[in-house]
Amino acid sequence: MVGGALTLALDAATYEGSVAVIRDGRVLAERTVAMRGETEERLMPAVLAALAEAGCTVREVGCVVRSEEHTSELQSHHDLV
């Protein structure tokens, strides 16, 4: 792992889902996808694509944050357990 902890930010609370890969406060990669697919998963492939673009792997993710439903606030995975 190069640099500080890798953060994966997810927002799937609206019709568009977004993913960002962040390290040391810098966005390395991001994706936005339509969430209305009835027969396919779209957010997880976007996560993998963003990680690949950033040159990172899932094993490097040290923190996952997600948006609260209907808000723009992000919540750490530590708060979700």
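Some values worked out for this structure:
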{"read-out": "Per-residue ³J(HN,Hα) for segment 45-62, Karplus 6.51 cos²θ - 1.76 cosθ + 1.60, θ = phi - 60°, Hz, x for Gly and Pro", "value": "x, 5, 4, 5, 5, 5, 4, 5, 4, 7, x, 10, 10, 4, 5, 7, 5, x"}
{"read-out": "Listed residue (VAL21, THR39, GLY4) projecting farthest to the positive dipole end of segment 1-69, Cβ model", "value": "GLY4"}
{"read-out": "Cut-off under 5 Å, modelled amide H: who pairs with MET35 long-range", "value": "GLU16, GLY17"}
{"read-out": "Environment charge at ARG26 (Cβ cut-off 15 Å; Lys +1, Arg +1, Asp -1, Glu -1)", "value": "-3"}
{"read-out": "Table column - 3J(HN,Hα) (Hz), segment 14-23, Karplus curve with 6.51, -1.76, 1.60, x for Gly and Pro", "value": "10, 6, 10, x, 9, 9, 9, 10, 10, 9"}
{"read-out": "Inter-label distance for ARG42 and THR57, nm, one decimal - labels placed 7 Å from Cα along Cα-to-Cβ", "value": "3.0"}
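Any read-out appearing in this document is the output of simple, stated calculations on the displayed coordinates, not a laboratory observation. Quick caveat, the model's predicted, so the values are computed rather than measured. Glycine also receives a Cβ, built like all others from the backbone with ideal geometry; neighbour counts cover every protein chain displayed.
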